[in-house]
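Derivation of every value follows stated rules applied to the coordinates shown; laboratory data play no part. Computed from a prediction, not measured in an experiment: that's the story for all the values here. Heads up, the Cβs are rebuilt from the backbone with ideal geometry, glycines too, and the neighbour counts pull from every protein chain shown.
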Amino acid sequence: MLLDPIVEQEIVDFRDRYLLAGDMQPADKLVEYYATFRRRFGPDALAGLDGVAFLEVMHLHGNKDSLVYWLEFKNDEEMPAIFGSIGGGSALKFGIYRRAETGQWMTGSAQQQRVLSVDEAIDRARQHRDQLIRGAELLQSLPSDASDDAYAALQHGMIERAPLVAESAWGHKYFSLLYPEKLDDFHNTDYQRYHLIRLLQVPPNGDGRYLPGGRFVSLAHEFGIPMNNLMSILYGRNGSVRKYWRIGTSDGTTPRTYWSDMRDGAFVAIGWPALGDLSGMPVTRGAKDSLRQRMQDAYPDAPQTIGRLTQQIFNFVAHIDVGDIVLAGDGVDILGVGRISGDYRSEPAFDLVHQRPVEWLDVQDWRLPTPEGVQTVVAQIYKEPRNLVEVERHILEPLAPPPRRPPTLRPHDGTVARTSVPTLTGVLGRIQAVMERKGQVILYGPPGTGKTYWGLAAARELAALHAFGDRFEDLSTDQRTAVLGSGTQLGLVRTATFHPAYGYEDFLEGYRPVLTGEGMIAFALRDGIFKRLCRDAESAADRRFYLLIDEINRGDIPRIFGELLTVLEKDKRGQTVLLGVSGQPFKVPENVYLVGTMNTADRSIALLDAALRRRFGFVELMPNGSVLGKASVGGVPLGRWLDALNLRIREHAGRDARNLQVGHAYLLEGGNPIEQIGRFAQVLRDDIIPLLEEYTYEDYAALAKILGLGMVDTQRQRIREEVFESGRTDELIQCLLEPNPEIATAPEALDAEAASEAEAEVEEEAETVADSAVITDAKPA
């Protein structure tokens, strides 16, 4: 299979990463699992059974040794659930099942079930068994390097010889477990089609679960991995199946009427403002009927198109999901490709009332190979796979970056409207989404995962966008000061750090000692940081104020927040409570947002005050070796070394080891990976090793399993400090690679070595030229 070079490299990267992290089953274990399944349920095993016992082996869900149980639910050391899911739907998908309440065998559809006698049930199980055997015979005769035509013939033969089981998900899974070298683990045609499209491959013509098999077989051969490993890689790279939607950008009078608004404001939108706010609309027939009635009442002049328009609006509000791909279209032209990044929202001040936030991925003009959905405002694109392949190609290789400055949109009344804030992406986007929904968020994870960095970055970006319509880095000096403050000038973003001595009087209000003019000590009521923030926010309702609370879990939460917990929830913002000390009325304005951080190595989220947990959203930040890119120090690929270290921590650091991993921030300086082996050695010796010593509680055997015997002397229970001495770099590198020597063969290490050799050749050539010049100059005239 000929792959795009970018796609090919991404698959290689996933393969290498999964192999290093141990996230793929070894080939010998897979062979063992397949052999176990064949012994129990292969054609030979099933052919020797009959009667009631046979029926129960085939179709009794309550029997954990039955075929249907193994196919749908089996998940243990004997047979883990790693071979593709067939979950969803009732037991009727197997064509027959025994009802637990009555013990009767049933068949038919969910609406029209009928009872089978035991003899009828046995006969149905025999039909299934015989067709499974005939299907296995077809696969047995299929060549291992079969072409698309051969798989088309297989598809036809399966339908002809095994019509009851071939096109079922469970039938396909059965055959794939018997012949994993010939069939994929995607038992749903939508998944097969989607993953091929994400690989920029046009699926074979026709319908059927066996047609695409040869494509995946070819790909597994090309990368030298078992089929099951390939499925893991594709799931990791491609994610869940997503839908593709075309949204019109013109009102039919002016070409591309709203495209610049959508592009610069990071959203897609449709009209029909008289419908009002459609938030919370469920995906039900009743909700759709209600929407149709609203359409008829609001727009009585379009009775012929009311059904079609209702469906389009219903799709926009209820059927488009976060993560779906959207195409901004004007007739046959595609103006932009983006990813839906948030839920439906209503913006009643604008012509484009019904909106969905979008992360634009490509904003160049192009056309679909086959026009599709051009006559509608909202249309799902799915009929022609070449169209979807072209969409994915533009996502993979965008030619024009989206603009960064958000525009000012046009409201109905013609006045100047507020700036539409774009949806941020990545971690910032996750934080933004939680704060829009809850009003406050806690970032949690192991040390060194960038919790404070991301919290402050999100607060300042959002404050800048809402106040000035620009990203923080594009602000002027005065605007940056307005966001972050300077000296005694408080900004829109403020910070606090909780600790065991931090109290209500620091956060809200309390009496503090002051020196009077007579030199006496008196107590005066003083506002805390959060009360001052809320007061400032009330006086500047057009801006948003953010408080970053570092180490939020280290404070006594009930004591610090007091009665504030009652009015902290977003739907209670603006409600008044009386403060316990001053007795004054107090409320939390709607334009106040909190960002907390907590280190899970210190204390689990489960130990946080339950009332606080209900009021905050949570974003987990875990170690991410990919942040370090291809950085390599002394032949040690930093990202792969960190991933391997954390794998060993998870295996040997105890029950809560997931929260005791080492974050990637330890290996960053100024936002960039460490470049010098000496600096890496310092970080390892002074930061990482003391952390691991704390985690293992003087268990040097466990510490040696994490760091390696080259760095830990288990007999004398000490760290081998001598490997960090000057002049012992080679020994240190050997110690770093000893627990996982395979990372020395990673592409990053090889690339770094090649670059080092190239530099050495250049230096040697330069020295040769210099020497030649000296000799020449030394010659007598």
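Each Lys and Arg contributes +1 and each Asp and Glu -1, all at the Cβ; summed about the Cα centre of the chain, the dipole is approximately 3480 debye. When the alpha carbon coordinates of the range 27-68 are projected onto the principal axes, the ranges are 37, 22, 9 Å, largest first. Between residue 126 and residue 237, the simple label model (points 7 Å from Cα in the Cβ direction) yields a spacing of 4.8 nm. The aspartates and glutamates within cross-link reach of residue 572, meaning a Cα-to-Cα straight distance under 20 Å and a gap of 8 or more places when in the same chain, are 436, 536, 538, 542, 563, 590, 609.
With a simple spin-label model that places each label point 7 Å from the Cα along the Cα-to-Cβ direction, the separation between residue 207 and residue 284 comes to 3.0 nm. Residues whose amide H lies under 5 Å from that of residue 509, counting only those 5 or more places away or on a different chain, are 528; hydrogens are built 1.01 Å from N in the peptide plane.
Taking 19 Å as the straight-line reach from the Cα of residue 383, the lysines in range (excluding those fewer than 8 positions away in the same chain) are 243. A simple rule links phi to the HN-Hα coupling: the Karplus curve 6.51 cos²θ - 1.76 cosθ + 1.60 with θ = phi - 60°, which for the range 142-154 gives 6, x, 5, 10, 5, 8, 4, 5, 5, 6, 5, 5, 4 Hz, with x for Gly and Pro. Dividing the radius of gyration of the alpha carbons in the chain by their Kirkwood radius gives 1.02 for Rg/Rh. In a reduced charge model with +1 at each Lys and Arg Cβ and -1 at each Asp and Glu Cβ, the range 627-749 shows a dipole moment near 280 debye about its Cα centre. Taking amide H as placed 1.01 Å from N in the peptide plane, the amide H of residue 245 sits under 5 Å from that of 325, 326, 327, 381, each at least 5 places away or on another chain. Considering all C-alpha pairs of the range 100-201, those separated by over 19 Å amount to 53%. Temperature 37 °C, viscosity 0.692 mPa s: under these conditions the Stokes-Einstein estimate for the range 244-396, based on its Kirkwood radius over C-alpha pairs, is 210 µm² per second.
Which entries in the list 182/630; 29/64; 29/173; 173/288 go over 27 Å, if you measure between the two C-alpha atoms of each? The answer is 182/630; 173/288. Annotation: the range 1-116 has a Kirkwood hydrodynamic radius of 17.2 angstrom, from the mean reciprocal C-alpha pair distance.
Farthest towards the positive end of the charge dipole of the range 5-238, among the residues 236, 189, 27, is the Cα of 189, using unit charges on the Cβ of Lys, Arg, Asp and Glu.
Each of 662, 511, 116 was placed along the dipole of the chain (beta-carbon charges, centred on the mean Cα), and the one lying farthest toward the positive end is 116.
Using 19 Å as the cut-off for backbone N distance, which residues of the range 105-120 belong to the label zone defined by a point 7 Å from the Cα of residue 54 along Cα→Cβ? 105-106, 116-120, by backbone N distance to the label point. Dipole of the chain computed with +1 at Lys/Arg Cβ and -1 at Asp/Glu Cβ about the Cα centre; of 575, 537, 68, farthest Cα towards the positive end is 575.
Each residue of the range 490-505 is assigned a 3J(HN,Hα), and the resulting list reads 7, x, 6, 10, 10, 10, 8, 10, 7, 8, x, 8, 6, x, 4, 5 Hz, derived from the Karplus form 6.51 cos²θ - 1.76 cosθ + 1.60 (θ = phi - 60°), x at Gly and Pro.
Residue 75 to residue 543: extension gain in nm, 0.36 nm per residue of separation minus the Cα-Cα distance? Can you show the working numbers first?
Details: separation 468, 0.36 × 468 = 168.48 nm, distance 5.25 nm.
Going from the current span to full extension adds 163.2 nm.
Converting phi to 3J(HN,Hα) with the Karplus coefficients 6.51, -1.76 and 1.60 and the offset θ = phi - 60°, the range 331-339 yields x, 7, 8, 9, 9, x, 10, x, 10 Hz in sequence order, with x at every glycine or proline. As a calculated quantity, the FRET efficiency between residue 345 and residue 218 at R0 = 35 Å, using C-beta atoms, amounts to about 0.20.
The label-point distance for residue 620 and residue 590, in a model that sets each label 7 Å from Cα toward Cβ, rounds to 3.4 nm. For the pair residue 718 and residue 44 in one chain, pulling the backbone fully straight at 0.36 nm per residue adds 236.7 nm over the alpha carbon distance.
For residue 570, the lysines whose Cα comes closer than 21 Å to its Cα, not counting residues fewer than 8 places off in the same chain, are 438, 531, 587.
For the range 406-564, the percent of C-alpha pairs falling in each 5 Å distance bin, counted from 0 to the bin holding the largest distance, reads 2, 8, 13, 18, 18, 15, 10, 7, 4, 3, 1, 0, 0. A Förster radius of 41 Å, combined with the Cβ-Cβ distance separating residue 676 from residue 428, puts the computed FRET efficiency at roughly 0.85.
Going by average Cβ neighbours within 10 Å, how do the peptides 638-647, 514-523 rank, with the highest at the top? Could you put the intermediate results ahead of the total?
Details: 638-647: 23.6, 514-523: 8.3.
Ranking the peptides 638-647, 514-523 by packing returns 638-647, 514-523.
Across the alpha-carbon atoms of the range 627-749, the computed radius of gyration and Dmax are 13.6, 39 angstrom.
Under a point-charge model restricted to the Cβ atoms of Lys and Arg (+1) and Asp and Glu (-1), what is the dipole moment magnitude of the range 244-396 relative to its Cα centre, in debye to the nearest 20?
In debye, rounded to 20, the range 244-396 gives about 420.
Residues whose amide H falls under 5 Å from that of residue 617, counting only those 5 or more places apart or on a different chain, are 440, 441, 442, with hydrogens built in the peptide plane.
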